[in-house]
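Visitor: Here it is, the structure, as structure tokens.
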Amino acid sequence: MNPSGSRRLAAPKPTSVMAAEGGTPRTIAGAPVDSIREEWVVEDRWWTGKPLRRRYFEVVLADGRNVVVFRDLVGGAWFLQRA
């Protein structure tokens, strides 16, 4: 923990995702998705030359792990935010 008492999020790591037609993840790094707990979109820095647009998913994998992934809506790549 840093001196201010806040925690930093882990840096996102590139991952492979197979998505359904609507864009929801079906597998993450080869692991089947059992259910999607939550989904949200973050749009930030739209006023800069490097806008941030991400579609996040909190999912439960078939093995019981709870992970958060997002798709970069600007570049199209998938990232693992929390495993």
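The values are calculated or read from the model by the stated rules, or taken from the named source; none is laboratory data. Predicted model, so just to flag it, every value in this text is computed and none were measured. For neighbour counting, all protein chains shown are included, and Cβ atoms are generated from backbone atoms with ideal geometry for every residue, glycine included.
Yes or no, residue by residue, for (1) in a loop (DSSP other than H, G, I, E, B); (2) of a type in the set (G, A, S); (3) farther than 15 Å from L80 by Cβ:
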position: E21; (1), (2), (3): yes, no, yes
position: T27; (1), (2), (3): no, no, no
position: P32; (1), (2), (3): no, no, yes
position: E38; (1), (2), (3): no, no, yes
position: V42; (1), (2), (3): no, no, yes
position: Y56; (1), (2), (3): no, no, no
position: V60; (1), (2), (3): no, no, no
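Visitor: OK, next. Can you tell me which residue within region 44-54, out of those that are part of a strand (DSSP E or B) and either of a type in the set (D, E, K, R) or over 14 Å from the mean Cα position of the chain (by Cα) (or both), is surrounded by the fewest Cβ atoms within 10 Å (Cβ to Cβ)? If you could, list the steps in order and put the result at the bottom.
Guide: Taking region 44-54 as the starting set, the residues that turn out to be part of a strand (DSSP E or B) are 44, 52-54.
The next check asks that each one be either of a type in the set (D, E, K, R) or over 14 Å from the mean Cα position of the chain (by Cα) (or both); those that pass are 44, 53-54.
Values: D44: 10, R53: 16, R54: 18.
Ranking the candidates gives D44 first.
Visitor: Can you list residue pairs whose Cβ atoms sit under 7 Å apart, with the first residue in region 28-43 being surrounded by 11 or more Cβ atoms within 10 Å (Cβ to Cβ) and the second being part of a strand (DSSP E or B) and of a type in the set (S, T, N, Q)? Count only pairs 6 or more apart in sequence or on different chains.
Guide: Close Cβ pairs satisfying both conditions: V33/T27.
Visitor: Limited to region 25-43, what total is found for residues that are among the β-branched types (V, I, T) and within 11 Å of the chain's Cα centre (by Cα)?
Guide: Final tally of qualifying residues: 3.
Visitor: Taking A62, is it at pLDDT 95 or above and surrounded by 11 or more Cβ atoms within 10 Å (Cβ to Cβ)? Working first, answer last.
Guide: On the way: at pLDDT 95 or above: yes; surrounded by 11 or more Cβ atoms within 10 Å (Cβ to Cβ): yes.
The answer is yes for A62.
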